[in-house]
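J.: One structure coming up, written as structure tokens, with questions to follow.
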Amino acid sequence: MTEAHTFLPYSRQWVEDEDIAAVASALRRDFLTTGPLVDAFETEFARATGARFAIACNSGTAALHLAAMALGLGPGQAAVVPTVTFLASANAVRMTGAEVIFADVDPFSGLMTPATFAEALDRASSQNVKAVVPVHLNGAVCAMAELAAIVRPRGIGVIEDACHSLGVPEIGSNAYSDVACFSTHPVKTIATGEGGVAVTMDGRLARKMTQSRNHGMTREKGDFLNGDLAFENGVQNAWYYEMHELGWNYRQPDILCALGLSQLQKLDRFWRRRTEIAALYDRLLAALAPIMRPVSRGRGAHGWHLYVLLVDFQHLGMTRTQLMDALRDKGIGTQVHYIPVHWQPYYRERYGHLSLPGAEAYYERCLSIPIFPKMSDDEVRYVAGTLANIVGTGG
Ligand SMILES: Cc1ncc(COP(=O)(O)O)c(C=O)c1O
């Protein structure tokens with residue numbers, strides 16, 4: 001590959017002609033917002049993830065918020081969230097009025113571990129901890145069975161932030177969680193522009209999330225409390241609806257569900273290609289250790305949302321900014337995932353200064369390099385070769 005290639009971002013969507021055709025055809029139908037394609041997308045998404053119920057909504061953040069509300073999180077309660085994640089994992093907890101207990105992470109994988117979770121629980125011993133949000137960072141799956149063994153005896157709910165791990169076969173069956181939440185933002189495994197899906201095996205939680213997604217409204221005859229308004233001569237008034245709890249407009253329109261349905265058909269292909277790219281990087285970058293090495297991974301399958309390197313910048317003789325600038329000059333986009341959330345001024349003001357050394361060590365060294373299904377092997381080799389030249393092992 002020559003250097004005159006197009007810019008390689010750290011991730012991007014892959015929208016093909018049939019995706020565009022699916023959206024165009026949705027635009028010609030009667031429904032632009034909630035219509036039959038929402039149901040169809042949910043049915044297919046549940047099938048693809050092995051869940052019984054899927055609730056489509058308009059962002060991964062909304063999915064996390066719906067899950068937190070369905071578990072009954074609210075003021076006077078708290079939820080444990082790893083600090084190395086996107087803001088949304090923590091914000092969804094705060095949006096219910098509950099407090100966030102930040103857990104530290106393993107410095108090599110960035111994942112919350114049973115030990116860092118247990119430490120956060122100890123720190124929160126005076127608080128009413130009602131939920132935990134394990135984040136499958138980069139696509140690596142947390143030690144769910146071990147986490148479940150800690151939370152189950154305590155009645156703590158589990159919301160998987162699976163925004164990085166769509167495609168991993170076991171996620172969605174909720175074997176160790178109540179709800180798993182996905183994002184269909186363009187950098188994620190499938191894209192709908194904005195979008196999210198919460199999946200669960202629990203019909204009661206599914207019903208709650210479906211109602212909260214649409215203003216907390218119900219049209220179910222058996223739910224109605226105002227019988228005099230709801231019925232005339234025992235027959236339900238066609239226009240009638242009721243609201244029992246505060247809800248939101250988190251609806252995902254038919255137009256975007258058309259795109260989601262089309263993209264879902266490629267989920268396996270996209271995930272497999274990400275997996276191939278990761279394997280190629282692993283091979284090509286092995287010689288760059290110890291200056292650069294891939295983050296360690298959880299057990300089992302991986303979603304490969306991100307390919308993250310841990311860089312010893314001191315040994316390299318460059319700062320992270322200098323390395324990112326040098327790569328950008330060569331047409332390679334990189335990103336930092338993530339600034340520990342407990343450092344954000346909002347959370348610092350609320351919870352004071354916390355020392356979470358695993359997260360700080362991970363943050364100091366992490367750098368995400370390009371990985372997306374449309375990337376060619378040549379482009380992967382180009383990125384690896386450019387890194388090797390910078391490290392000085394490029395021959
Ligand atoms: C780990 C994680 N959780 C939640 C979200 C929120 O998803 P969305 O952007 O669809 O609201 C993201 C998105 O970047 C994410 O990476």
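The values are calculated or read from the model by the stated rules, or taken from the named source; none is laboratory data. None of these values were measured; they are calculated from a predicted model. Heads up, the Cβs are rebuilt from the backbone with ideal geometry, glycines too, and the neighbour counts pull from every protein chain shown.
J.: Restricting attention to segment 169-212, report how many residues are under 15 Å from residue 264 (Cα atoms), surrounded by fewer than 24 Cβ atoms within 10 Å (Cβ to Cβ) and of a type in the set (A, V, I, L, M).
T.: 2
J.: Then there's this: Do we have residue 173 as closer than 27 Å to residue 257 by Cα and either near the ligand (Cβ under 10 Å from one of its atoms) or among the basic types (Lys, Arg) (or both) here?
T.: no
J.: With the requirement that a residue be surrounded by 12 or more Cβ atoms within 10 Å (Cβ to Cβ) and at pLDDT 95 or above, what does segment 1-10 give you?
T.: Across segment 1-10, the qualifying residues are 8, 9, 10.
J.: Could you please find all residues in segment 187-216 being within 12 Å of the ligand (Cβ to nearest atom) and touching a strand residue (DSSP E or B) at 6+ places or on another chain (Cβ under 6 Å)?
T.: The answer is 196, 197, 198.
J.: Inside segment 142-170, can you point out the residues that are among the β-branched types (Val, Ile, Thr) and either more than 16 Å from the ligand (Cβ to nearest atom) or touching a residue at least 40 places away in the same chain (Cβ under 8 Å) (or both)?
T.: Within segment 142-170, 150, 151, 156, 159, 168 qualify.
J.: Do we find that residue 247 is assigned to a loop (DSSP other than H, G, I, E, B), more than 16 Å from the ligand (Cβ to nearest atom) and of a type outside the set (Lys, Arg) in this structure?
T.: Answer is yes for this residue.
Residue-by-condition table, conditions (1) in contact with a Phe, Trp or Tyr (Cβ under 7 Å, 6 or more places away or on another chain); (2) within 16 Å of the ligand (Cβ to nearest atom); (3) touching a residue at least 24 places away in the same chain (Cβ under 8 Å):
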residue: 140; (1), (2), (3): no, yes, yes
residue: 180; (1), (2), (3): no, yes, yes
residue: 185; (1), (2), (3): no, yes, yes
residue: 219; (1), (2), (3): yes, no, no
residue: 227; (1), (2), (3): no, no, no
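J.: Scan the helices (runs of 4 or more DSSP H) fully inside segment 52-131 and keep the ones with 2 or more residues being within 16 Å of the ligand (Cβ to nearest atom) and farther than 20 Å from residue 172 by Cβ.
T.: Output list reads 87-94.
J.: Please tell me if residue 136 is of a type outside the set (A, V, I, L, M), within 12 Å of the ligand (Cβ to nearest atom), closer than 24 Å to residue 107 by Cβ and out of contact with any Phe, Trp or Tyr (no Cβ under 9 Å at 6 or more places or on another chain).
T.: Yes, satisfied.
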